[in-house]
1. Where the second residue is modelled with pLDDT of 95 or more and among the aromatic types (F, W, Y) and the first is more than 14 Å from L87 (Cα to Cα) and surrounded by 13 or more Cβ atoms within 10 Å (Cβ to Cβ) and lies in region 318-334, which pairs have Cβ atoms under 9 Å and are six or more apart or on separate chains?
2. Name the residues in region 21-54 that are among the basic types (K, R), touching a Leu at 6+ places or on another chain (Cβ under 8 Å) and in a loop (DSSP other than H, G, I, E, B), would you?
3. Within region 165-180, how many residues turn out to be farther than 23 Å from L323 by Cα and either crowded, with 16+ Cβ neighbours inside 10 Å or in contact with a Cys (Cβ under 6 Å, 6 or more places away or on another chain) (or both)?
4. I'd like the full set of residues that are in contact (Cβ under 8 Å) with a residue 60 or more places away in the chain and among the basic types (K, R), limited to region 166-192.
5. List pairs: first residue in region 282-302 and under 17 Å from P250 (Cα atoms), second residue loosely packed, with under 15 Cβ neighbours inside 10 Å and modelled with pLDDT under 95 anywhere in the structure, Cβ distance under 6 angstrom, at least six positions apart or on different chains.
6. Here are some residues: G255, G210. Which one is among the small types (G, A, S) and part of a loop (DSSP other than H, G, I, E, B)?
7. Identify, please: which residue in region 83-109 is assigned to a loop (DSSP other than H, G, I, E, B) and hydroxyl-bearing (S, T, Y) and is, among those, nearest to V167 (Cα to Cα)?
8. Being over 18 Å from the mean Cα position of the chain (by Cα) and not in a loop (DSSP other than H, G, I, E, B) narrows it down to one residue among S57, S80, S113, S122; which is it?
Amino acid sequence: MDEMIKELMKAIGSVNQEDLLHDFRPFLVVYKDGRVQKFLGHLTVPPSIDSLTGVESKDVVVSTETGVYVRMYKPPGLKSDEKVPLLVYIHGGGFVVETAASPVYHNHLNVLSSKAKVIVVSVDYRTSPDHPLPAAYDDSWAALQWVRSGFTGAEPWLSQHVDPARVFLVGDSAGGNIAHNMARRLARSVNPDSKIALKGLVLIHPFFWGKDRIGSELQKMDPTTGLTSGGMADRLWKFVNPASTGSDDPLINPGMDTELEKLAGEKVLVFVAEQDALRDRGFHYKEMLVKSGWKGDVQVVETHGENHVFHLINPVSANAAVLMDQFVAFINSS
């Protein structure tokens, strides 16, 4: 991991600032000649039977038109008729990097599937700038509709082992944003064939923002560390969603959603990290849900002394283990 970080920092540091049109390091840069250089998310691993956890994974194409697929995870030892919760997981990466085949997410979900004893469907959505928003939202929605069809027998891991009354949407960072918006889309859908009885959401350091700074955001801006910069968050959102009205778009600022009380799901768990500039947005999300009159239960859990997606960067840390245990307890309390 240390060598990988060194190589990443070397690549980031070699960029000539004068040649840049857009600078979104450590995610990517766009040069004035149109070239795009991404620094993260290149590595992939195949599905497998994990030697440490015994979790089995496989890839299933959701849409032949777009090439979108999901990576599924099944914990070991399930009886033929045993029903367990389903987590639909949506990865982060600022809407621009990472995939469902990333070793970071693959390893994380192997452990999560094993510890929580759940089926996981990890969504591989298309990313910007090749596919600006709403592509990631549309791909995730297509994956949800595929999940629903799988309950009827089209996908044996779903039809045999998933309890359709215990379905959770989960995402970190940009994936947390997408998970929230999928829950809103489920609530808005008037098509009975689109419905999923969503039990709840788990949003890990979700990428929400807004035009006006709140809480400690002004004190935590750092122009060299990606999403910890307020300016970066504003610019990145407009870059990945050029048609957006800006940072008060309800897609990025749930507080501007006039029908937030219709969010699908019965309960929400939001993780925030003390040193993350997105921290206050997690607390604000809870405040807005309660203020809207949403009837479910929402809680925020803060990890002190940590930064954005620390549990993925250092999964063997003590705080990452605590977060995993809290996550598992939330799912299994249903």
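1. N319/F310; A320/F310; L323/F271; L323/F310; Q326/F271
2. K32
3. 0
4. R166, R184, R188
5. That search, which allows pairs on different chains as well, returns H284/I214.
6. G210
7. Ranking the candidates gives T99 first.
8. S57
The values are calculated or read from the model by the stated rules, or taken from the named source; none is laboratory data. Just so it is clear, the structure is predicted and the values come from calculations on it, not from any experiment. For neighbour counting, all protein chains shown are included, and Cβ atoms are generated from backbone atoms with ideal geometry for every residue, glycine included.
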